[in-house]
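The values are calculated or read from the model by the stated rules, or taken from the named source; none is laboratory data. In this text, all values refer to a predicted model and were calculated from it rather than measured experimentally. Using ideal geometry, Cβ is built from the backbone for each residue, glycine included, and neighbour counts are taken over all protein chains shown. Side chains are part of the model used for accessible areas, which takes the heavy atoms of the whole protein and leaves out ligands, DNA and RNA. Shrake-Rupley method; radii C 1.70, N 1.55, O 1.52, S 1.80 Å.
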Amino acid sequence: MGFIGWIILGLIVGAIVKAIMPGRVGGGWLTSLVLGVIGAIVGGWIGDLLFGSGRMEFWNLGSWILAIVGGLVVAGVYGAITGRNRSRA
């Protein structure tokens with residue numbers, strides 16, 4: 001799957017991440033969508049390293065799982081970073 005495919009998948013994953021972690025991701029829907037795109041790209045990159053480039057397709061369940069896990073990890077890291085900054089202010 002190409003870079004554009006991961007971006008489209010990431011937008012969908014961003015909405016899923018917002019539904020799974022509603023209070024943990026600050027910044028609203030736009031932030032969640034951006035974090036979903038970044039998470040999907042990171043998940044796709046890791047999946048490409050682990051499984052090779054020929055196995056990642058848009059309609060493959062493994063691609064979706066990698067993208068969702070990547071989105072959750074990126075959203076969790078983002079929440080941890082911004083949570084620390086808010087408590088110091």
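Compared with the dominant Cα axis of the chain, that is its longest principal axis, helix 28-51 is turned about 40°. Taking packing as the residue-averaged number of other Cβ atoms within 10 angstrom, the listed peptides 74-81, 2-9, 31-38 run from highest to lowest as 31-38, 74-81, 2-9.
Taking 7 Å steps out from each Cα toward its Cβ at Asn60 and Asp48 produces label points 1.2 nm apart.
Straightening the chain between Ile16 and Thr31 buys 4.1 nm, computed as 0.36 nm per residue apart minus the Cα-Cα spacing. Multiplying the residue separation of Ile7 and Thr82 by 0.36 nm and removing their Cα-Cα distance gives an extension gain of 24.6 nm. With protein chains left intact and a 1.4 Å probe, residues in the chain average 60 Å² of accessible area per residue.
Of the listed values [x] 3.05; [y] 2.64; [z] 1.10, identify the label whose number matches Cα Rg over 2.2 N^0.38 Å calculated from this model. So the structure-derived entry is [z]. For the chain, a simple Cβ point-charge model (Lys and Arg +1, Asp and Glu -1, everything else neutral) yields a dipole of about 460 debye relative to the Cα centre. Where only DSSP H runs of four or more residues are counted, the chain gives -27500 deg cm²/dmol as its mean residue ellipticity at 222 nm, each run worth -39500 (n - 2.57).
Note on the chain: with a GNM built from Cα contacts shorter than 10 Å, the maximum mean-square fluctuation among Trp29, Trp45, Trp64 falls on Trp29. Computed from Cα atoms, the angle from the helix 3-20 axis to the main principal axis of the chain rounds to 40 degrees. As a length-normalised measure over Cα pairs under 8 Å and 6 or more apart, the relative contact order of the chain settles at 36 percent.
For the range 1-47, the share of accessible area belonging to carbon and sulfur comes to 81 percent (1.4 Å probe, ligands and nucleic acids excluded).
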